[in-house]
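Data block below; observations after.
The values are calculated or read from the model by the stated rules, or taken from the named source; none is laboratory data. As the structure is a prediction and not an experimental result, all values here were calculated from the model. Note that we place each Cβ from the backbone using ideal geometry, even for glycine, and neighbour counts take in every protein chain shown. Side chains included, ligands, DNA and RNA excluded: accessible areas come from the protein's heavy atoms. Shrake-Rupley method; radii C 1.70, N 1.55, O 1.52, S 1.80 Å.
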Amino acid sequence: MKIDIITLFPDMFKGPFDMSMLWKAREQGLAEINLIDLRQFGIGPRRTVDDTPYGGGDGMVLKPEPVFAAVEAAKTSNPEAKVVVLTPSGQAYNQSRAEELSKLPGVILVCGHYEGFDERILSLADYELSIGDYVLTGGELPAMVVVDSLVRLIPGVLGGETSAHDESFSHGLLEYPHYTRPVEFQGMAVPEVLQNGHHAEIAKWRQEQAKNKTAKNRPDLLD
C-alpha cells in the first residue's frame with residue numbers, strides 16, 4: 001500500500017513512522033509512506049498557500065490551487081489512490097473505516113491547517129474524515145492516527161493472524177480484558193477460567209467481559 005501525505009509540516013512526521021509496526025511495515029515493503037510538502041506548490045515567490053476568507057472572519061483559509069496541484073502530483077505516482085481530506089467536519093473515523101481503507105491500493109491524505117479548507121478543495125475528496133469531536137491545530141496528528149490504524153491491518157504487519165480481528169470495535173464491542181504472569185499481583189489474581197485451559201469456557205468468558213466493558217465504558221456501541 002502506498003500512502004501519500006500532503007502537509008505544510010512534513011517534519012512533524014519524523015519519528016512516529018520510524019518505530020514499531022510502522023517501521024516494520026515500511027522495512028518489509030508492505031507500506032510506502034511519502035510526504036509531500038504543500039508549500040512546494042504555493043503561489044508566487046513566497047509560495048503562498050492561504051488567504052483571508054470571503055465574507056470576513058478570523059483566520060486564514062487554505063487556497064484551492066496549491067492543494068489541487070499537490071493532489072495531482074501525488075496521483076501521477078499513485079493513480080489508483082483515494083483522496084482523504086482530514087477535517088473536523090468530516091464523517092467519524094472508526095475501525096470499520098480503517099478496515100475499508102486498509103484494503104485500498106493507496107490513499108492520499110490531505111492535512112488541513114489554519115481556519116480550514118476552501119470548500120472547492122473538498123471536490124477532490126473520496127472521503128472527508130474526522131478522528132473525533134474536537135478541533136486540532138492541523139491535520140497532521142489525525143493523519144498519523146489514520147496511517148497507524150490502517151497500516152497495522154495490512155496482512156503481515158502484525159505478528160498474529162487474528163491479532164487485528166480480536167480487538168476493540170472489530171466486532172462492535174470493546175476488547176475483553178487481558179492478563180499475563182504473575183498469577184497474583186498486589187492482591188489481584190488472574191481469573192480462574194483463564195488458567196484452566198478450557199477454550200470454550202474462555203471464549204464464553206471473554207464474550208461476557210467484552211459486553212460488560214462495552215456497557216460500562218461505551219454504552220452507545222450497544223445501541
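Note on the range 18-64: among residues that are within 22 Å of the chain's Cα centre (by Cα) and among the β-branched types (Val, Ile, Thr), the one that is farthest from Pro155 (Cα to Cα) is Ile36. Screening Tyr134 with (1) open to solvent by 70 Å² or more (accessible area, probe 1.4 Å); (2) of a type in the set (Phe, Trp, Tyr); (3) within 15 Å of Leu38 (Cβ to Cβ) gives one miss only, at (3). I need the full set of residues from the range 77-104 which are over 13 Å from the mean Cα position of the chain (by Cα) and of a type in the set (Gly, Ala, Ser), in order please. The answer is Ser77, Ala81, Ser89, Gly90.
Output yes when any residue across the range 79-87 is within 27 Å of Gly132 (Cα to Cα) and open to solvent by 40 Å² or more (accessible area, probe 1.4 Å), and no when none is. Before you say what the answer is, go through the steps one by one.
So in the range 79-87, the residues within 27 Å of Gly132 (Cα to Cα) come out as 81-87.
When the remaining residues are screened for being open to solvent by 40 Å² or more (accessible area, probe 1.4 Å), the result is 82.
Checked against the condition, which is being within 27 Å of Gly132 (Cα to Cα) and open to solvent by 40 Å² or more (accessible area, probe 1.4 Å), the range 79-87 yields at least one hit.
Mind listing just one residue for me: the one in the range 137-154 that is assigned to a helix (DSSP H, G or I) and open to solvent by 50 Å² or more (accessible area, probe 1.4 Å) and, of those, farthest from Asn94 (Cα to Cα)? Out of the qualifying residues, it is Leu141. Hey, can you tell me all the residues within the range 168-223 that are on the phi > 0 side of the Ramachandran plot, open to solvent by 60 Å² or more (accessible area, probe 1.4 Å) and either without any contact (Cβ under 8 Å) to a residue 12 or more places away in the chain or not hydrophobic (A, V, I, L, M, F, W, C) (or both)? Of everything in the range 168-223, those that are on the phi > 0 side of the Ramachandran plot, open to solvent by 60 Å² or more (accessible area, probe 1.4 Å) and either without any contact (Cβ under 8 Å) to a residue 12 or more places away in the chain or not hydrophobic (A, V, I, L, M, F, W, C) (or both) turn out to be Gln186, Gly187. Taking the stated definitions as given, is Arg46 farther than 18 Å from Ala81 by Cα and in contact with a Leu (Cβ under 9 Å, 6 or more places away or on another chain)? No; evaluated as a whole, the condition is false for this residue.
If you take the residues of the range 118-131 that are open to solvent by 20 Å² or more (accessible area, probe 1.4 Å) and in a helix (DSSP H, G or I), which of them is nearest to Leu104 (Cα to Cα)?
Initial filter on the range 118-131 (open to solvent by 20 Å² or more (accessible area, probe 1.4 Å)): 118-120, 122-128, 131.
Cutting the leftovers down to in a helix (DSSP H, G or I) gives us 119-120, 122-124.
Details: Glu119: 26, Arg120: 25, Leu122: 20, Ser123: 20, Leu124: 17 Å.
Residue satisfying both the conditions and the ranking: Leu124.
Answer yes or no: is there a residue in the range 49-66 that is buried (at least 16 other Cβ atoms within 10 Å of the Cβ), among the acidic types (Asp, Glu) and assigned to a strand (DSSP E or B). For the range 49-66, residues buried (at least 16 other Cβ atoms within 10 Å of the Cβ), among the acidic types (Asp, Glu) and assigned to a strand (DSSP E or B): present.
Of everything in the range 91-117, what is in a loop (DSSP other than H, G, I, E, B), open to solvent by 30 Å² or more (accessible area, probe 1.4 Å), closer than 24 Å to Thr76 by Cβ and touching a residue at least 12 places away in the same chain (Cβ under 8 Å)? Give them in sequence order. Steps first, answer last, please.
Quick first cut of the range 91-117, residues in a loop (DSSP other than H, G, I, E, B) only: 93-94, 103-105, 112, 114-115.
Within this subset, residues satisfying the condition of being open to solvent by 30 Å² or more (accessible area, probe 1.4 Å) are 93-94, 103-105, 114-115.
Then drop every residue that is not closer than 24 Å to Thr76 by Cβ, which leaves 103-105.
Residues satisfying the conditions are Leu104, Pro105.
Of all residues in the range 49-78, those that are more than 17 Å from Leu109 (Cβ to Cβ) have Cβ atoms under 6 Å from Cβ atoms of residues that are assigned to a helix (DSSP H, G or I) and open to solvent by 50 Å² or more (accessible area, probe 1.4 Å), 6 or more apart or on another chain, in Pro64/Arg120.
Taking the conditions exactly as written (touching a Pro at 6+ places or on another chain (Cβ under 9 Å) and modelled with pLDDT of 95 or more), does Val190 satisfy them or not? Considered against the rule, which asks whether it is touching a Pro at 6+ places or on another chain (Cβ under 9 Å) and modelled with pLDDT of 95 or more, Val190 comes out as yes. Scanning the range 1-48 for residues that are small (Gly, Ala, Ser) and open to solvent by less than 50 Å² (accessible area, probe 1.4 Å) yields Gly15, Ala25, Ala31, Gly42, Gly44.
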